[in-house]
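Undergrad: This is the structure I have questions about; it appears just below.
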Amino acid sequence: MLRFDAVSYRYAGYAKVVLHDIDLTLAQGEIVGVVGANDAGKSTLCLVASGLAPGSIGGGLTGTVSIDGESMAGKPLYEFATRVGIGFQNPTTQLSGVTGTVFEEVALGPMNLGLPARETVARTKSALAMLDIGALAEREPRRLSGGQAQLVVIASLLAMRPAHLVLDEPTAQLDPEGTRLVGVALRELASSGTAMLVVEHKTDLLEGLCSRIVVVDGGRIALDGSAGAVLGDARLESWGVEPPSRIRLVRAATARGLDPALLGEPGPSA
């Protein structure tokens, strides 16, 4: 379980607080989506959840971040790294640069965990298969497209099977099929008990992936609820978030006097 209790954070050298009194809990196997406008504090939330803030980049943090009931205050960054995996929007920042093939890149994490060779190979093959990128196994990582690199980074995280996973726009460079494959892989990982915090602009993905969604606005949690309730909330666009296409279609039909049932959907949420 990953938990925030009254967590506030400001970056080093800045007087302004970026996160304000965040209370949030991720249970085992739960996928929680995070939405909000640009600069709302979503990426900062990911940095704090992973321990990179303030552990690596400094700054001031108040409140408590705990993992499985243990406060992480003052813990060295490597203790976070062994318990929380993180993926960023730009995959080139996370490729190691020391491997010659995609297979070696994905296997690097399990190897660093000290897993036996047989287990490392099995996890690597499984992660590549989940994202349908087995054909890239012998490719040099530096010769990947942006979308391919993003899938390889996600595969590297999947191969480590972390207890907690934080993803900041993991499908930003992916086409619809790549996005679908990531959704399938994340659901499978969650079924094994991994708790996930997923920042995404693609609300269509979050609607089918998440059990809960939180809206971050001005560094505060403005709304926290079930995926259906949050994504159907009439205030969503005022927070800079576009509702899923299904909800937009239903609302458009209703505005024109059509019965949403003709689309196979219920009426729009309040």
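Undergrad: If you go through segment 44-77, how many residues are charged (D, E, K, R) and in a strand (DSSP E or B)?
TA: Residues flagged as charged (D, E, K, R) and in a strand (DSSP E or B) within segment 44-77 amount to 1.
Undergrad: Of the residues R212, R220, which single one is of a type outside the set (D, E), open to solvent by 30 Å² or more (accessible area, probe 1.4 Å), closer than 24 Å to Y9 by Cβ and touching a His at 6+ places or on another chain (Cβ under 6 Å)?
TA: R220
Undergrad: Is it true that some residue in segment 159-175 is closer than 25 Å to F80 by Cβ, of a type in the set (S, T, N, Q), surrounded by 14 or more Cβ atoms within 10 Å (Cβ to Cβ) and touching a Leu at 6+ places or on another chain (Cβ under 9 Å)?
TA: Checked against the condition, which is being closer than 25 Å to F80 by Cβ, of a type in the set (S, T, N, Q), surrounded by 14 or more Cβ atoms within 10 Å (Cβ to Cβ) and touching a Leu at 6+ places or on another chain (Cβ under 9 Å), segment 159-175 yields at least one hit.
Undergrad: Which count do you get for residues in segment 223-239 that are in contact (Cβ under 8 Å) with a residue 60 or more places away in the chain and open to solvent by 50 Å² or more (accessible area, probe 1.4 Å)?
TA: Here the count works out to 1.
Undergrad: Further question on the same structure: Filter segment 128-158 down to the residues that are closer than 15 Å to G87 by Cβ and of a type in the set (G, A, S) and list them by number.
TA: Those that are closer than 15 Å to G87 by Cβ and of a type in the set (G, A, S): G146, G147, A149, A155, S156.
Undergrad: Does E242 qualify as being part of a helix (DSSP H, G or I), of a type outside the set (A, V, I, L, M) and either out of contact with any strand residue (DSSP E or B) (no Cβ under 6 Å at 6 or more places or on another chain) or under 30 Å from R10 (Cα atoms) (or both)? Write out each step before concluding.
TA: On the way: part of a helix (DSSP H, G or I): no; of a type outside the set (A, V, I, L, M): yes; either out of contact with any strand residue (DSSP E or B) (no Cβ under 6 Å at 6 or more places or on another chain) or under 30 Å from R10 (Cα atoms) (or both): yes.
Here the answer is no, as E242 does not meet what is asked.
Undergrad: For segment 137-219, which helices (runs of 4 or more DSSP H) that fit wholly inside it have 1 or more residues that are over 23 Å from L249 (Cα atoms)?
TA: Output list reads 146-160, 176-191.
Undergrad: Moving on to the next point. Specify the residue that is surrounded by the fewest Cβ atoms within 10 Å (Cβ to Cβ); the eligible residues are those in segment 125-158 that are in contact with a Pro (Cβ under 7 Å, 6 or more places away or on another chain) and of a type in the set (A, V, I, L, M, F, W, C).
TA: Result: A149.
Undergrad: Of all residues in segment 24-43, which are outside any strand (DSSP E or B), open to solvent by less than 10 Å² (accessible area, probe 1.4 Å) and closer than 18 Å to G87 by Cα?
TA: Passing the criteria: only G41.
Undergrad: Sticking with this structure for a sec: Select from segment 101-124 the residues that are open to solvent by 70 Å² or more (accessible area, probe 1.4 Å), closer than 18 Å to I154 by Cβ and not in a helix (DSSP H, G or I) and list them in ascending order.
TA: Once the filter is applied, which keeps residues that are open to solvent by 70 Å² or more (accessible area, probe 1.4 Å), closer than 18 Å to I154 by Cβ and not in a helix (DSSP H, G or I), segment 101-124 yields only L113.
Undergrad: Restricting to segment 1-16, what's the tally of residues that are in contact (Cβ under 8 Å) with a residue 60 or more places away in the chain, open to solvent by 50 Å² or more (accessible area, probe 1.4 Å) and either over 24 Å from S211 (Cα atoms) or in contact with a helix residue (DSSP H, G or I) (Cβ under 8 Å, 6 or more places away or on another chain) (or both)?
TA: Number of matching residues: 0.
Undergrad: Then there's this: Counting only residues that are among the aromatic types (F, W, Y) and in a helix (DSSP H, G or I), which one in segment 78-100 is least open to solvent (accessible area, probe 1.4 Å)?
TA: Residues of segment 78-100 that are among the aromatic types (F, W, Y), as a first pass: 78, 80, 88.
Within this subset, residues satisfying the condition of being in a helix (DSSP H, G or I) are 78, 80.
Numbers: Y78: 147, F80: 15 Å².
Filtering first and then ranking leaves F80.
Undergrad: A further question on this structure: Give segment 176-209 a look and list any residue that's open to solvent by less than 20 Å² (accessible area, probe 1.4 Å) and more than 14 Å from the chain's Cα centre (by Cα), or say none.
TA: G178, G193 - these are the residues of segment 176-209 that are open to solvent by less than 20 Å² (accessible area, probe 1.4 Å) and more than 14 Å from the chain's Cα centre (by Cα).
The values are calculated or read from the model by the stated rules, or taken from the named source; none is laboratory data. Computed from a predicted structure; not experimentally measured. All Cβ positions, even for glycine, are placed from backbone atoms using ideal geometry, and neighbour counts span all protein chains on display. Surface areas here come from the heavy atoms of the whole protein model, side chains and all, with no ligands, DNA or RNA. Shrake-Rupley method; radii C 1.70, N 1.55, O 1.52, S 1.80 Å.
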